[in-house]
1. Sort through Ser141, Ser180, Ser162 and tell me the only one that's of a type in the set (S, T, N, Q) and either at pLDDT below 90 or closer than 25 Å to Gly47 by Cα (or both).
2. Grab the helices (runs of 4 or more DSSP H) fully contained in region 78-185, keeping just those with 3 or more residues being closer than 22 Å to Arg49 by Cα and away from the ligand (no atom under 13 Å from the Cβ).
3. Please find, within region 131-184, the residue that is surrounded by the fewest Cβ atoms within 10 Å (Cβ to Cβ) out of those that are under 30 Å from Gly198 (Cβ atoms) and under 17 Å from the mean Cα position of the chain (by Cα).
4. Restricting attention to region 197-211, which residues are under 28 Å from the mean Cα position of the chain (by Cα) and surrounded by 13 or more Cβ atoms within 10 Å (Cβ to Cβ)?
5. Taking the stated definitions as given, is Lys230 in contact (Cβ under 8 Å) with a residue 24 or more places away in the chain and out of contact with any Gly (no Cβ under 7 Å at 6 or more places or on another chain)?
6. Of all residues in region 226-254, how many are farther than 21 Å from Gly192 by Cα and either part of a helix (DSSP H, G or I) or touching a strand residue (DSSP E or B) at 6+ places or on another chain (Cβ under 9 Å) (or both)?
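The values are calculated or read from the model by the stated rules, or taken from the named source; none is laboratory data. Quantities reported herein were computed from a predicted structural model and do not represent experimental measurements. Virtual Cβ from ideal backbone geometry, glycine too; neighbours counted across all protein chains shown.
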Amino acid sequence: MWRLAARVLLGTKVQPVTRRLLAGAANLQCCCWGTARRTHTGYMSAGIRKVEAPDAEHLIRVQWEDGSESCYPCVWLRDNCQCPHCFLHSAKARKLLFEDLDVDIVAKEVTLTDRRKIFITWPDEHTSEYEAEWLKKRCFSEAARAEMREDLFLPEHQYWGSDLQLPKMPFEEIMYDDESAYKWLCTLKKMGVVLLTGAAARQGELVKLGHRIGFLRLTFYGPTWQVQDKADANNVAYTTGKLCFHTDYPVLQHPPGVR
Ligand SMILES: [Zn+2]
């Protein structure tokens, strides 16, 4: 969601500094907006020493009790107002419409309460409040963004060649043991290939595996494809020959897709 928002804003009249910050936010906060996944102790104990009024670039600077600093663009803060009018907490989703967001907005008044909460009054007298912990989680610093990316996107990957020791895992273990399933997915993300062994030689096993981790995606072949011998084969999967490693249509997938 934010990725789209940032793209819209990046193409309009957002100030240059804000644009750079938003570009970073677009990369790290697209799907878990408003959720608290991390348990970093720095978040839990975040106290604010001082908050400054917006500068010439419409950034609000927060000085933390641990000595660090964070800068938040006014437009980002207004866009992420947590009041019931702007945010539906039961769905953890924003309600504020793009058409109601002034990308040049500047906070009229900024105050700090008990070192734990920032209050902002906007030019139209709308008010927003932000908890210190909430702000700290969303710090735009390069280090904080790198840490968030590592947590969200599991960037670890391993290139391999002919010396590859093909990772193998028992099919049944993955089906019934959550820890094994997690290990399988992490290895698949890291290596790109995992051989599952011991699956029963009957139709339906692949569907079971798919349902173990999510929903099957339809293609024009239907939910699955049956590899079998057919006369006058119009696909190599219908011949008696061996099939090489291949990924079929996932290779054509181009995120974020259309919905
Ligand atoms: Zn609001």
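1. Among Ser141, Ser180, Ser162, only Ser141 is of a type in the set (S, T, N, Q) and either at pLDDT below 90 or closer than 25 Å to Gly47 by Cα (or both).
2. In region 78-185, the matching helices (runs of 4 or more DSSP H) lie at 132-137, 142-153.
3. Glu156
4. Selection gives Leu206, Leu209, Gly210.
5. Here the answer is no, as Lys230 does not meet what is asked.
6. Number satisfying all stated conditions: 3.
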